[in-house]
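Below you'll find the structure, written out as structure tokens, and then a few comments.
The values are calculated or read from the model by the stated rules, or taken from the named source; none is laboratory data. All figures in this text were calculated on a predicted structure; none of them were measured in a lab. Ideal geometry is used to build each Cβ from the backbone, glycine not excepted, and the neighbour counts take in all protein chains shown.
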Amino acid sequence: MIYYAIPAYNEEKSLSPLIEGIASVMERSGLDYQIVVVDDGSTDATGAEIERLSKTFPLVSLKNERNLGLGRTLSRALKKATELAAPGDVIVTLDGDATHDPSYVPALANRIAAGADVAIASRFAAGGEARGVAAYRRFLSSGAGMLLKIFFPINGVRDYTSGFRAYRAETLKKAFDELGDGFITETGFSASPEIILKLHGRGATIQEEPFVLRYDLKGGESKIRITKTISQYLKMIARLKLKSFRRSDG
């Protein structure tokens, strides 16, 4: 079974093509699936669109009464997916803006079946690409990746910030059971690398699968705020590095 954990904030234009795309891929692949969507206090018709889609597709909807940010919303979606999942299942995260093509999911799931605990859909792996991405966003992604690679090198991992991933359900469940709310503490976009770094620190095997990010298909405005996101990345790196120093001194 494939479980999708999708955070959504003001994605009324993108959710329908995304959910329909997921259904099409799963049907062609012969895979059972369920979708968990968390509406992060959207101010447009995202909630109504989720309700409409839930009548046709196997979709579980949750709602934050106010906007809590990507990190908390992603954490809630993943927690719900781990509650629903059984051993051997796969949990996939992707963005709600239709920039992540679900046709890559079977390849990601195959990597989990072959032994990986996490499979990242990577823009920076050989064969990967990002289309329609503004220069400032390319700078942020590549710059954050370089910093994370320097301070927290993971063999074979280039794309630390991609939110398009597949996880072994047991790996996430164990992290939530043992770390609780301490597993995902970042509230913004820095939650994505935080998850990878913490799972790697707990011995997870992480691989990459090349994919093409289609930012040119994005249905709405970007939610990212550059200065705030850079600050979040730097603070997270400093905090995690300080913790690793304290453990080594102890």
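Taking the condition of being touching a residue at least 40 places away in the same chain (Cβ under 8 Å), buried (at least 21 other Cβ atoms within 10 Å of the Cβ) and not aromatic (Phe, Trp, Tyr), how many residues in the range 174-191 meet it?
Selection size over the range 174-191: 4.
Output the strands (runs of 3 or more DSSP E) that fall wholly within the range 87-136 and possess 1 or more residues being basic (Lys, Arg) and either over 27 Å from Lys173 (Cα atoms) or touching a His at 6+ places or on another chain (Cβ under 8 Å) (or both), or say none.
On the way: elements: 90-93, 118-122, 129-131.
Correct list: 129-131.
If a residue has to be assigned to a loop (DSSP other than H, G, I, E, B), without any contact (Cβ under 8 Å) to a residue 40 or more places away in the chain and in contact with an Asp or Glu (Cβ under 8 Å, 6 or more places away or on another chain) to count, how many in the range 13-56 make the cut? Lay out the reasoning, then the answer.
So in the range 13-56, the residues assigned to a loop (DSSP other than H, G, I, E, B) come out as 13-14, 30-32, 41-45, 55-56.
Restricting the remaining residues to those that are without any contact (Cβ under 8 Å) to a residue 40 or more places away in the chain gives 30, 32, 41-45, 55-56.
Applying the additional criterion that residues be in contact with an Asp or Glu (Cβ under 8 Å, 6 or more places away or on another chain) yields 41-42, 44-45.
Summing the residues that are assigned to a loop (DSSP other than H, G, I, E, B), without any contact (Cβ under 8 Å) to a residue 40 or more places away in the chain and in contact with an Asp or Glu (Cβ under 8 Å, 6 or more places away or on another chain) in the range 13-56 gives 4.
Do you know which residues across the range 1-12 are under 25 Å from Ile112 (Cβ atoms) and either touching a strand residue (DSSP E or B) at 6+ places or on another chain (Cβ under 6 Å) or part of a strand (DSSP E or B) (or both)?
Looking only at the range 1-12, we keep the residues that are under 25 Å from Ile112 (Cβ atoms), and these are 1-8.
Correct list: Ile2, Tyr3, Tyr4, Ala5, Ile6, Pro7, Ala8.
In the range 205-218, is there at least one residue being modelled with pLDDT under 95, in contact with a strand residue (DSSP E or B) (Cβ under 6 Å, 6 or more places away or on another chain), surrounded by fewer than 17 Cβ atoms within 10 Å (Cβ to Cβ) and assigned to a helix (DSSP H, G or I)?
Scanning the range 205-218 turns up at least one residue that is modelled with pLDDT under 95, in contact with a strand residue (DSSP E or B) (Cβ under 6 Å, 6 or more places away or on another chain), surrounded by fewer than 17 Cβ atoms within 10 Å (Cβ to Cβ) and assigned to a helix (DSSP H, G or I).
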